[in-house]
Structure formats: C-alpha cells, structure tokens
Amino acid sequence: MINTEQKLKERVKELTCLYEVTSIIVNSGYDELSTSLEAIAYCLKRGWRFPEDAEAAVSIGTYQVQTSGFDKQMNLLSCDVIVFNKVEGTISVGYPASDYSDEDFLPEEKTLLKNVCLAVGNLMERKQIHDSEAETKRQMERNDRLHIMGEITAGIAHELNTPLANILGFTELLMDEATDTGTKRDLQTILDNAIFSREIVKKLMFFTCEMPQQMELVELNKVVDSVIRLMGPSLRAKQLSVIKSYDNDDLRIRANTVQLTQVMFNLIMNAAYYSPVRGEIKVEVLSTKQKIIINIVDQGEGIAPGQENKIFEPFYTTKPIGEGTGLGLSVVHGIIKSYKGSIVHRPNVPKGTIFTIEFPN
C-alpha cells in the first residue's frame, strides 16, 4: 500500500510523463519516428512507480524500439496501439519477473499506458495520411511528366524515322561499293550507330503507344520460351541458367504478340545484365481464376535504396552510357498498364530483385 503523499507523487510523475510524450509527438517529424518512439519509451520508464527497475518497449510495424534493459521475459503491462481501427502494435512496460508481480502496477499506470497508446496511434494515423498524400502527389507529378514526355517523344520518333532510314540505306549502298578496309570499318560504325538509334525510336513509339496493337490470344509460355531462345548468346556469355516454371501448359492471354515479347525481353534481359556470372534466373508463370502472375527473379545486386520509385521513369538508367537508353522499363510499364495489369518489384533474398507482373485473367 502507498500513502497519500506517495500517491500524489505518482500522479505528478504520470502527468509529467503524459506531457512529455505529447510534446514528443507534437514535435515529431515523420522521417524520424524511430527516434521519437524511443524517446517515448524512456518517458514511460521514468513515469512508472519504480523507474530504476522499469523498462519499456514500443513495437509498431517496422518500428521496434526499447529501453536498454528491456527483456520480453519481464513481468509486463501491455496495451495495443490502434491505427485506423486496426491493431498495429503494442507498447509494453515491465519489471524484472523475479522481483515484481502484477500487483506492483498501479491502476493509474494502466490508464496512462492506454492514453499513450492512443496518442501514438493518432501519430501513426497522421503518418499514414502524410505518406499517402506524398505518394499521390508523386504519382500525379509522374503522370504529368509522362504526358508531356509522350507528346514530345511522339514528335521526335516521327521526325527521326525518315533521316534514319536514309542514313541506313545510303550507308549500305556505300558499303557495297567500298573496297578499302578502313572505309568499310567506318561505314560499319555508322551503320551500327544508326541501327542503335532506330531501336531507340522503336522504343519511343512503344512508349507513346504509336505502335499498332493487333490484339489476339497469345500463348504466354511460347513467348517466354522464344525470348529465352533469342537471348541464348547473352545467357551463355555469362554462363547463366534460366529455371522456368509453368503451372499451366496452355496459358493464353489477350495481348499483342510484339508488345508481350517486348515486355518479357526487357525484363529477362535486365535480369541477365545485372546477374553475376554463373547466376540463376527464375521465370515463374502462375494462374488463378482472377489473374495471371509472372515472376522474374534474379540474383544481382538489387535496386539501390532511394531508386525504387525511379526505375519506371523514361530515360532513367543505371547502365553505362551506350549500354542503355532508360526506356526499357518505362515501355514495359506502359504496355502492362494498357492491358490493365500491374508490375511491382521487391528484393530477392539473399540478394537480387523480383519483378512481378499481374494480368487480369
């Protein structure tokens, strides 16, 4: 039992704790939540009846913070953190089980913990709203950029087609007439660069939906097999093995064969490019009643932190100059979206990247 004076002291500690927690939350930035939650844990430690033995922990989603002496085997008082009517985590305060029992927790401390959990839940709700608004803003900005890029690139593609065709045609004529080895070598360089430029124009036309879309029922497995055969030299050069897995031998989707080939070629080529020598690439094709799922898994270094939202942007590439245009994944993204599908990526374990495409079935 505690006397009136001790009760008063405990109430003062609890009110001070709640005030400090509220101050931390008010001044908390959304980018430094882990630090704020750790500070809240130490406030709770100081606010309890026996602060020298009390320890606290906050566990909410990916946020896991605790005071230095916290142990899950302690005698704990816990309360759920509710975020948008859903339990997202817990906050716990405990004493060493060998020295304390449940009777050492005061009823007012239970109320204090409940109020702190309520305040932290409100903070997490505001963070989710902030993150959602930021993501919506980024998506709108990206859509604006894509719209502007589409108008620009459509004009570029049309303007470049004619001169490129002339360059290729006249270069081939000159090569037929040339006899000097040096001249032929120089003409071949012109030809190679013109062909490379023509491929960029083709990708621009894909990107701006200028290519004709003759839709038909396409055998997906055959497209994947064809792409892997086409990539044979590149795969052999790095001694890469491709593991295919089809859960349906006759899987058909309504698509344009050229565009579907473009999608699979870009994704598997990227997987091969970033794979280590003698690495393994997995291509999995799954089907349900609602959707068709394609997973392309590599063992490369993965996507660098901070670059996750950029890889589908036009002209963004991590490849050296001359090895990539930065249009491949933006083309892939545009084609898949036009089929009302989706494409996402996530890290592979222990390393690498998994691209997952979903098409409506």
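Just give me the residues in region 257-268 being in contact (Cβ under 8 Å) with a residue 40 or more places away in the chain and either within 15 Å of Thr356 (Cα to Cα) or buried (at least 19 other Cβ atoms within 10 Å of the Cβ) (or both), in sequence order. Gln259, Leu260, Gln262, Val263, Met264, Asn266, Leu267, Ile268, listed by residue number.
Scanning region 100-142 for residues that are of a type in the set (D, E, K, R) and surrounded by 11 or more Cβ atoms within 10 Å (Cβ to Cβ) yields Asp104, Glu108, Glu109, Lys110, Lys114, Glu125, Arg126, Lys127, Asp131, Glu135, Arg138, Arg142. Restricting attention to region 19-38, the residues that are crowded, with 16+ Cβ neighbours inside 10 Å and either assigned to a helix (DSSP H, G or I) or touching a Pro at 6+ places or on another chain (Cβ under 7 Å) (or both) total 8.
Pairing each residue of region 281-310 that is farther than 18 Å from Leu260 by Cα with any residue that is among the aromatic types (Phe, Trp, Tyr) and assigned to a loop (DSSP other than H, G, I, E, B), provided the two are 6+ apart or on different chains, yields C-beta distances under 6 Å for Lys310/Tyr316. In region 44-75, the residue that is most open to solvent (accessible area, probe 1.4 Å) out of those that are farther than 17 Å from Asn115 by Cα and not in a loop (DSSP other than H, G, I, E, B) is Gln64.
The values are calculated or read from the model by the stated rules, or taken from the named source; none is laboratory data. Note that the structure is a prediction, hence the values are computed from the model and not measured. Neighbour counts are summed over all protein chains in view; Cβ atoms, including those assigned to glycine, are modelled from backbone coordinates with ideal geometry. What goes into the accessible areas is simple: the full protein's heavy atoms, side chains included, and nothing from ligands, DNA or RNA. Shrake-Rupley method; radii C 1.70, N 1.55, O 1.52, S 1.80 Å.
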